[in-house]
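To start, the structure itself, in structure tokens.
The values are calculated or read from the model by the stated rules, or taken from the named source; none is laboratory data. This structure is a prediction, so every number in the text was calculated from the model and none was measured. Positions of Cβ are backbone-derived with ideal geometry, glycine not excepted, and every protein chain shown enters the neighbour counts.
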Amino acid sequence: MLNKARETGTNFINNIINWISQLPGKFSNWLNDTISKVVSFASDLGQRASQAGQSMVNNIINAVKKDIKT
């Protein structure tokens with residue numbers, strides 16, 4: 001019974017050590033993923049703003065053309 005308690009305690013401590021040793025890699029992966037998502041969001045935002053601007057200009061041009069015809 002004492003051996004089982006030692007084994008359980010040793011396993012517990014080893015699991016904690018393993019978990020802590022994995023934290024830097026997990027944090028690095030999370031940070032890289034977050035940076036990638038922010039860059040992608042910014043890129044998409046720029047493209048959407050450009051599309052919105054083009055659409056607005058086209059709508060103004062079409063409205064002016066329509067007014068000229070009438």
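Data overview
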quantity	calculated
Only one of VAL38, VAL64 that is in a helix (DSSP H, G or I) and within 30 Å of the chain's Cα centre (by Cα)	VAL38
Qualifying position, being surrounded by 10 or more Cβ atoms within 10 Å (Cβ to Cβ) and modelled with pLDDT of 95 or more, among SER50, SER55, SER21	SER55
